[in-house]
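**Q** Can you keep this structure in mind? I'll have questions shortly.
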Amino acid sequence: VSRCTSFDLTVSGWQKMENPGTQSAGTLYCPHPLRLSIVAEEVATFYAKMLDHEYTSKEIFQKNFFTDWREEMTAEERDLICEFSKCDFGEMHRYFVEQSEKKKDMSKEEKEVLKEETKKLTEEYGYCLLDGHKEKIGNFRVEPPGLFRGRGEHPKMGKLKKRILPEDIIINCSNDSKTPEPPKGHKWKEVRHDDTVTWLASWVENVQGSIKYIMLNPSSKLKGEKDWQKYEIARKLKLKVETIRKEYERDWKSKEMKKRQKGVAVYFIDKLALRAGNEKEEGETADTVGCCSLRVEHITLHKELDGQECVVEFDFLGKDSIRYYNKVPVDKRVFKNLKLFMENKNPEDDLFDRINTTYLNKTLNNSMTGLTAKVFRTYNASTTLQEQLSKLTSRMWHKLLSYNRANRAVAILCNHQRTAPKTFEKSMQNLQQKIELKQKQLDEAKAELKKAKSDYRESKTEKLKRLVEQKEKMVKRLQEQLKKLQLQMTDREENKVIALGTSKLNYLDPRISVAWCKKFDVPIEKIYNKTQRDKFAWAIDMTNEDFEF
DNA sequence: ATCACGACTTGATTCCACCACC
DNA sequence: GGTGGTGGAATCAAGTCGTGAT
């Protein structure tokens, strides 16, 4: 813990203390400033830094923060500071705003020095040796203390995430390697030599009690091999999927309710690429669901909707509290079953009350070794990309736009969303302006062409003929440019709340993209940036244009 | 069957450096 | 030369799924 500066936390509403007691907690006046102990001050700064963030205004966030903050206070501070609403973090906040201004105003040279320092750190700590190969580490820094920000309505938002000390950290390295030295005056919690796992270091995080790991970068051989395996299993599913579909269709008629539920659940997972939906501890996390944890309240059945029969309307919060909303026409038998599953249940009851992910995965594994619910997502995503690419790629279209569209189809399937960029509206307006300008130019060019043509009809000179040709060319070029801009506009509009990155990185067999690039003579750099090329090096190496997922 | 835990993948958001544009 | 827009990297939360104890 280091004190960068000393703040005065302004606390109002108390009378002057005659003798506050300790040296660290200074004199408190009403409503004058209070000097905090180092530990309490640091925690206070965590909050102060976030002041203009929306979640600091949330009651749960404030409550959790205040409770944890008070635990870090000295007894005296705890006596003085008992009401959150009377604390003013303004001065601290201003300090950090100033700091970031200062950082921005640093000279080029100063920035260069900093850059050099981080580079040195990366070189020293950012790599490890695995089976004699130097490999990049993904996250080689321990997570710093701060306030926990969960996603969605997280019951633990605002809680203090404590500082991790060497005494909390387990090091995992091989027997014969040189054990990394702990910082001076400290010891590691443990040094072990477990070659059945891939992590290099771990610690237990205090908010959720979960284990955090230091692991290798996706570019490493270890991760690459795993990635390749994943896609191979998904390809195996492609060969087997018709049989599996017949299996679960049979389940829809089973006299065992459990089997029926399983059959419908797998149908959803297959058709809609839903996640498995493990059960979660209530009150510990945000209330989100996946397939197996769907509740009655998350679906609405429509015998008929918008001219379609047997429509299921899904509306629930999935991973990261991202809303899944979809209206899907389903098989009649599925529809009937759903009705049955919902009978005599309350909205908050489980839709599939007889099954869970463990059971579901067990039966999937019986159908095909290695098959689990998530394989369907990978399979579905990669197949969709391949289909869309062959459907959309044409000479007429800009190839990258085709790729984007195919990628987008997958992102929509997987419900990968993002919050629209802050600058979205503005950049759309700019584009719109460009389009209008281009349109005007085109109109003018067209008029000129018309005139040139009529001139040419008047007197058929060679010169005028060339003028007509020239104007025709001009119109054509402008038309193309306009079309390109409009396409770009559509592309951007369609991408407003869709995130392409996740599917590209985790669901799309890179060999599909590599093969497509080779087939259509698109440089791989147009599709994958440097990091991505490193991660997918295995695929770039082994794939030719004939690859089929 | 149920549970807790451990390891690993997947995911949105935030941060930051760079580059086109004025 | 400043600046704002953007893509890529970093961050760290939140899933999936397997294991082993009860």
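**Q** For segment A:245-256, does any single residue satisfy the condition of being in the same structural domain as A:GLU282 (by TED's automatic domain parsing), assigned to a loop (DSSP other than H, G, I, E, B) and within 30 Å of A:TYR507 (Cα to Cα)?
**A** Yes; the residues of segment A:245-256 include at least one that is in the same structural domain as A:GLU282 (by TED's automatic domain parsing), assigned to a loop (DSSP other than H, G, I, E, B) and within 30 Å of A:TYR507 (Cα to Cα).
**Q** Go through (1) within 16 Å of DNA strand C (Cβ to nearest atom); (2) open to solvent by 40 Å² or more (accessible area, probe 1.4 Å); (3) within 28 Å of the chain's Cα centre (by Cα) one by one and return the number of the condition A:SER390 breaks.
**A** Only one criterion is unmet by A:SER390, namely (1).
**Q** List the strands (runs of 3 or more DSSP E) inside segment A:144-227, counting only whole elements, that have at least 2 residues being surrounded by 15 or more Cβ atoms within 10 Å (Cβ to Cβ) and either outside the structural domain of A:LYS58 (by TED's automatic domain parsing) or within 11 Å of DNA strand C (Cβ to nearest atom) (or both).
**A** The qualifying strands (runs of 3 or more DSSP E) are A:170-172, A:201-204, A:211-214.
**Q** Can I ask one more? If we keep just the residues of segment A:168-219 that are closer than 30 Å to A:GLY283 by Cα and out of contact with any strand residue (DSSP E or B) (no Cβ under 8 Å at 6 or more places or on another chain), which is nearest to DNA strand B (Cβ to nearest atom)?
**A** A:GLY209
**Q** Checking A:GLU348 against (1) open to solvent by less than 40 Å² (accessible area, probe 1.4 Å); (2) modelled with pLDDT under 95; (3) of a type outside the set (Lys, Arg), which test does it fail?
**A** Every condition holds for A:GLU348 apart from (1).
**Q** Select from segment A:481-495 the residues that are within 21 Å of the chain's Cα centre (by Cα) and open to solvent by 60 Å² or more (accessible area, probe 1.4 Å) and list them in ascending order.
**A** Residues satisfying the conditions are A:ARG492, A:GLU493, A:GLU494.
**Q** Give me the pairs: first residue in segment A:321-340 and in contact (Cβ under 8 Å) with a residue 60 or more places away in the chain, second residue open to solvent by 100 Å² or more (accessible area, probe 1.4 Å) and of a type in the set (D, E, K, R), beta-carbon distance under 8 Å, and six or more apart or on different chains, which are they?
**A** A:SER321/A:ARG151; A:SER321/A:GLU153; A:ARG333/A:LYS253
**Q** Turning to a different aspect of this structure: Count, please, the residues in segment A:257-273 that happen to be touching a strand residue (DSSP E or B) at 6+ places or on another chain (Cβ under 8 Å) and within 16 Å of DNA strand B (Cβ to nearest atom).
**A** Matching residues across segment A:257-273 total 1.
**Q** Can you tell me which residue is most open to solvent (accessible area, probe 1.4 Å) among those in segment A:58-87 that are farther than 11 Å from A:GLY158 by Cβ and among the polar types (S, T, N, Q)?
**A** Among those that are farther than 11 Å from A:GLY158 by Cβ and among the polar types (S, T, N, Q), it is A:SER85.
**Q** Same structure, new question: Would you be able to tell me the number of residues in segment A:124-143 that are open to solvent by 50 Å² or more (accessible area, probe 1.4 Å), within 28 Å of the chain's Cα centre (by Cα) and either more than 9 Å from DNA strand C (Cβ to nearest atom) or under 16 Å from A:TRP203 (Cα atoms) (or both)? Before the answer, list the steps.
**A** From segment A:124-143, those open to solvent by 50 Å² or more (accessible area, probe 1.4 Å) are A:124-125, A:127, A:129-134, A:136, A:139-143; that's our starting set.
Checking the rest, the ones that are also within 28 Å of the chain's Cα centre (by Cα) come to A:125, A:127, A:136, A:139-143.
Filter again for either more than 9 Å from DNA strand C (Cβ to nearest atom) or under 16 Å from A:TRP203 (Cα atoms) (or both), leaving A:125, A:127, A:139-143.
Matching residues across segment A:124-143 total 7.
**Q** When A:VAL97 is evaluated against the numbered criteria (1) surrounded by fewer than 16 Cβ atoms within 10 Å (Cβ to Cβ); (2) assigned to a loop (DSSP other than H, G, I, E, B); (3) within 30 Å of the chain's Cα centre (by Cα); (4) among the β-branched types (Val, Ile, Thr), which criterion, by number, is the only one it fails?
**A** Of (1) surrounded by fewer than 16 Cβ atoms within 10 Å (Cβ to Cβ); (2) assigned to a loop (DSSP other than H, G, I, E, B); (3) within 30 Å of the chain's Cα centre (by Cα); (4) among the β-branched types (Val, Ile, Thr), only one is false for A:VAL97: (2).
**Q** Looking at segment A:268-295 only, could you name the residues that are outside any loop (DSSP other than H, G, I, E, B), crowded, with 22+ Cβ neighbours inside 10 Å and of a type outside the set (A, V, I, L, M)?
**A** A:PHE268
**Q** Same structure, new question: Name the residues in segment A:268-300 that are away from DNA strand C (no atom under 16 Å from the Cβ) and touching a helix residue (DSSP H, G or I) at 6+ places or on another chain (Cβ under 6 Å), would you?
**A** Once the filter is applied, which keeps residues that are away from DNA strand C (no atom under 16 Å from the Cβ) and touching a helix residue (DSSP H, G or I) at 6+ places or on another chain (Cβ under 6 Å), segment A:268-300 yields only A:VAL296.
**Q** Residue by residue through segment A:354-382, note down the ones that are within 11 Å of DNA strand B (Cβ to nearest atom), of a type in the set (S, T, N, Q) and open to solvent by 30 Å² or more (accessible area, probe 1.4 Å).
**A** A:ASN356, A:THR358, A:THR372
**Q** Would you confirm whether any residue within segment A:296-307 is open to solvent by 40 Å² or more (accessible area, probe 1.4 Å) and small (Gly, Ala, Ser)?
**A** yes
**Q** When both residues are 6+ apart or on different chains and their Cβ atoms are under 6 Å apart, which pairs have a first residue that lies in segment A:234-259 and is farther than 30 Å from A:ILE512 by Cβ, and a second that is of a type in the set (Asp, Glu) and part of a helix (DSSP H, G or I)?
**A** A:LYS259/A:ASP251
**Q** Given the options A:PHE314, A:PHE268, name the one that is in contact with a Cys (Cβ under 6 Å, 6 or more places away or on another chain) and either hydroxyl-bearing (Ser, Thr, Tyr) or farther than 30 Å from A:GLY209 by Cα (or both).
**A** A:PHE268
**Q** Another question, then. Inspect all residues belonging to segment A:338-345 and state whether any of them is under 29 Å from the mean Cα position of the chain (by Cα) and at pLDDT 95 or above.
**A** Looking through segment A:338-345, none of the residues is under 29 Å from the mean Cα position of the chain (by Cα) and at pLDDT 95 or above.
**Q** Just to be sure, is A:LEU413 at pLDDT 95 or above and either surrounded by 19 or more Cβ atoms within 10 Å (Cβ to Cβ) or not assigned by TED's automatic domain parsing to the domain that holds A:PRO523 (or both)?
**A** no
The values are calculated or read from the model by the stated rules, or taken from the named source; none is laboratory data. Since this is a predicted model, take the numbers as computed values, not measurements. Backbone-built Cβ (ideal geometry, glycine too); neighbour counts: all protein chains shown. Note: accessible area is taken over every heavy atom of the protein model, side chains too, but ligands, DNA and RNA are not part of it. Shrake-Rupley method; radii C 1.70, N 1.55, O 1.52, S 1.80 Å.
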